[in-house]
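Heads up, the thing below is written out as structure tokens.
The values are calculated or read from the model by the stated rules, or taken from the named source; none is laboratory data. The structure displayed is predicted, hence computed values, not measured ones. Note that each Cβ is placed from the backbone with ideal geometry, even for glycine, and that neighbours are counted across all protein chains shown. To get the accessible areas, we keep the full protein, side chains included, count just its heavy atoms, and leave off ligands, DNA and RNA. Shrake-Rupley method; radii C 1.70, N 1.55, O 1.52, S 1.80 Å.
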Amino acid sequence: MPHNQRILIVGGVAGGASCAARTRRLTESAEIIMFDRGPYVSFANCGLPYYVGDVIKKEEHLLVATPELFRDRFNIEVRLNSEVTLIDRHKRCIEVRDVSSGRTYSEQYDTLVLAPGAKPVRPPLPGIDLPGIFSLRTIPDSRQIRNWIDQHQAKHAVVVGGGYIGMEMTENLHKRGLDVTVVEKQSQVMPLIDAEMVAPVHETLTKNGVVLCLDDSIIAFANGKGHTLNLTLESGKRLEADLVILGIGVRPETALAEDAGLEIGASGGIVVDAAMRTSDPHILAVGDAVEVVDVVTGKKNVIPLAGPANRQGRIAAGVITGRQTAFRGTQGTAVVGIMDQVLAITGPSEKLLKRLGRWRAMEKVYLHPGHHANYYPGASPITLKLIFQKKDGLVVGAQAVGKAGVEKRIDIISMAIQKNATVFDLEEAELCYAPQFGSAKDPVNIAGMIAANVVRGDVALAHWEDVPATDAVVIDVRDPREYRGGHVPGADNLPLDEIRSRMEELPKEKEIWTYCFVGQRSYYAARALSQYGFNVKNISGGFKTNLLRKDTE
Ligand code: FAD
């Protein structure tokens, strides 16, 4: 890297601040100036919903670093309330507007890093700009929401959009004692995740009094009585609210890059290579503003998450200072807490793979193990769905939902995906165990074992969605008491413990599909029957998986 390089960074939060600090750690000789149009640098956007919910009590706790810290510890100059309005690539300079005074000035750069993030989507609906309708992106946004709630003694909130931010806001508004209605265009909240995996979340929301308006959307806002708002939904339904939170997604902030003629991808993000370089070699870009490659699907997309933004900032710093570093791409690993449920995902969902026409090469397994040893008090079940390639068991994606231990399992599988691991690797993964933390066969091991059994051909799988169309004989292998408590229409009861003595009741010329509550006893039955010459499939995840499917149909 040439000495005395001048590095300017636009945006001073996740991507920008990581890039600035890492660049300084790698070189003492560069001049580094970071601009942010807002009044804060390096604040915790991910903490904002919890500040609204009063879980984080003080605004200053959201400040991860200050301009003074950047100056004293890293010799980095931070200019707040400073909006970068133009990039002149020819002269290699930017134009900056001091938001407080309106003064504009320009600054030269050797390298420019764009980390401007993303902006919340605000659809052009009638009344969208009325007071009381909020997006959440900055500390001032969260302060305004808190103030509005206090000032108007708000009781009813409508959250538009059931994605990550919508769900976190729902939880926090509920925590503050508000009645919350969620309006979501899709038939489920958390639409990136497969419907059956979201069923426990719907259940917990409803149990806590949250009203779900699914398959519906807002078409207009209007003033109601006093400070209140009247909302009209596409279905004709009307809602009244003290405040509305918009959580319908974000779009990359690309105006600066576009005006400067930098290449923008079809996904709407700034095009960068693995070294985070834009189409101009003197300009790098990181974070929510850029288009990234999904490592599993190979598709380019925008994936607005804090982890990738931080890692990209670090990689850009390496590149600027002459190191050979590259971003590996992302797989959308994410987690959200919704009341007593934790929901996490890594890699593509089943519905995404179907949309991409890639599902035929895939198989899935469901399991419902305890989050730690069941004999140790307090075990709670995790529902885990593992997606893998049929031909070789390559791990492709996973989703999990439960009250505890969810993110730990998804993190392990996320790393497995990054390293191109197979279900055989999950089967053999060595994971720490004591009864209060896990099981000697961890849920990740069990997922690997079930899937490895399938790839090796030790057991064939069937799925609930195929049951209505099959002419297979469906056998419920649970105890008669469990069977009487509820079973699938048309299923006969043949308890596992009687399977060897009563197998002559089963036809050899037809397929037999077995199920139990979670899929384990029916696997034992399938193994036994197949060794006696029956053509058997085990219905993955058992009756419990079917209940989850039914809940979201
Ligand atoms: P940002 O962190 O948004 O920073 C961009 C900065 O650039 C902003 O301060 C902006 O003011 C500034 N800027 C933009 N344009 C200009 C300009 N022209 N001149 C000067 N400054 C400019 N991700 C997770 O992984 N997990 C979570 O739990 C999570 N929760 C979230 C909760 C909320 C409420 C929000 C809003 C986001 C959450 N995210 C979460 C997403 C995560 O915060 C972002 O992915 C991450 O902050 C992106 O980093 P970034 O540096 O690209 O952009």
*Rounded, prolate or oblate: which one fits the stretch 145-193, using the alpha carbon gyration tensor with axes a ≥ b ≥ c (rounded when a/c is under 1.5, else prolate when a/b beats b/c, else oblate)?*
prolate
*Just report the Cα centroid separation between the stretch 255-297 and the stretch 456-484, whole Å.*
48
*At Tyr375 and Arg481, where each label point lies 7 Å from the Cα along Cα→Cβ, what is the point-to-point distance in nanometres?*
2.2
*asked:* Based on alpha-carbon centroids, what's the gap between the stretch 99-125 and the stretch 504-553 in Å, whole number please?
replied: 58
*Taking H placed 1.01 Å from N in the peptide plane, check which residues at least 5 places from Asn538 or on another chain put their amide H under 5 Å from its amide H.*
Ala460, Leu461, Ala462, Thr514
*How large are Rg and Dmax for the chain when only the alpha carbon atoms are used, in Å?*
26.6, 89
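Take the solvent-accessible surface of the protein heavy atoms, probe 1.4 Å, and return the percent of it on the chain that carbon and sulfur atoms account for.
For the chain, the apolar C and S fraction of the accessible surface comes to 50 percent.
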*In the stretch 1-71, what GluC sites (Glu not before Pro) fall in a loop by DSSP, with at most 15 other Cβ atoms inside 10 Å?*
Glu28
*Rounded to the nearest 10 Å², the accessible area of Ser187 at probe 1.4 Å*: 60
*Would you mind putting 489-497, 154-162 in packing order, based on average other-beta-carbon counts within 10 Å, highest first?*
154-162, 489-497
_As I understand it, the dipole of the chain uses +1 on the Cβ of Lys and Arg and -1 on the Cβ of Asp and Glu, about the Cα centre. Which of Ile33, Gln399, Ile133 lies farthest toward its positive end?_
Ile33
_In whole Hz and in residue order, list the ³J(HN,Hα) couplings for the stretch 18-27 that follow from phi through the Karplus curve 6.51 cos²θ - 1.76 cosθ + 1.60, θ = phi - 60°; x for Gly and Pro._
4, 5, 4, 5, 5, 4, 5, 5, 8, 8
*Near the amide H of Ser217, under 5 Å away, which other amide H atoms are found, from residues 5 or more places off or on another chain, if H is placed in the peptide plane?*
Glu234, Ser235
*Would you list, by chain and number, the lysines whose Cα falls below 17 Å from the Cα of Lys299, excluding same-chain residues fewer than 8 positions away?*
Lys351, Lys354
*May I ask for the net charge around Gln531, where only other residues with Cβ less than 14 Å from the Cβ of Gln531 are counted and Lys, Arg are +1 while Asp, Glu are -1?*
+2
*asked:* Going by Cα centres, the stretch 1-67 and the stretch 126-201 are how many Å apart?
replied: 27
_I need the phi-derived Karplus couplings for the stretch 479-487: 6.51 cos²θ - 1.76 cosθ + 1.60, θ = phi - 60°, integer Hz, Gly and Pro marked x._
5, x, 4, 5, 4, 5, x, x, 8
*How far is helix 164-175 tilted off the main Cα axis of the chain, in degrees rounded to 10, range 0 to 90?*
90
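Expected output is a single nm value to one decimal: the length gained when fully extending between Lys508 and Val488, i.e. 0.36 nm times separation in residues minus the C-alpha distance. What is it?
So the chain would gain 5.0 nm between Lys508 and Val488.
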*Working out 0.36 nm times the residue gap between Asp471 and Ala326, then minus their Cα-Cα distance, what length gain in nm do you get to one decimal?*
47.0 nm
*Only loop residues by DSSP count here, and only those with at most 11 other Cβ atoms within 10 Å; note down the GluC sites (Glu not before Pro) in the stretch 70-134 that meet that.*
none
*Using helices alone, what [θ] at 222 nm do you get for the chain, with -39,500 (n - 2.57) per DSSP H run of 4 or more residues, divided over all residues and rounded to the nearest 500?*
-8000 deg cm²/dmol
*Note, ³J(HN,Hα) from phi for the stretch 248-257, Karplus 6.51, -1.76, 1.60, rounded to Hz, x at Gly and Pro*: 10, x, 10, 10, x, 7, 10, 4, 4, 5
*Using modelled amide H (1.01 Å from N, peptide plane; none on Pro or chain starts), what sits under 5 Å from the amide H of Gln341, excluding residues fewer than 5 places away?*
none
*What are the GluC sites (Glu not before Pro) within the stretch 389-496 that DSSP puts in a loop, where the Cβ has at most 16 other Cβ atoms within 10 Å?*
Glu430
_10 Å Cβ shell holding at most 13 others, DSSP loop, chymotrypsin sites (Phe, Trp or Tyr not before Pro): longest site-free stretch of the chain_ = 1-374
_At 1.4 Å probe size, what's the solvent-accessible area of His368? Round to the nearest 10 Å²._
20
*Write down the accessible area per residue of the chain in Å², having rolled a 1.4 Å probe over the full set of protein chains.*
44
*Simple spin-label model, 7 Å along Cα-to-Cβ: His90 to Arg103 in nm?*
2.8
*Once both labels are modelled 7 Å past Cα along the beta-carbon direction, what's the Glu60-Val121 spacing in nm?*
3.9
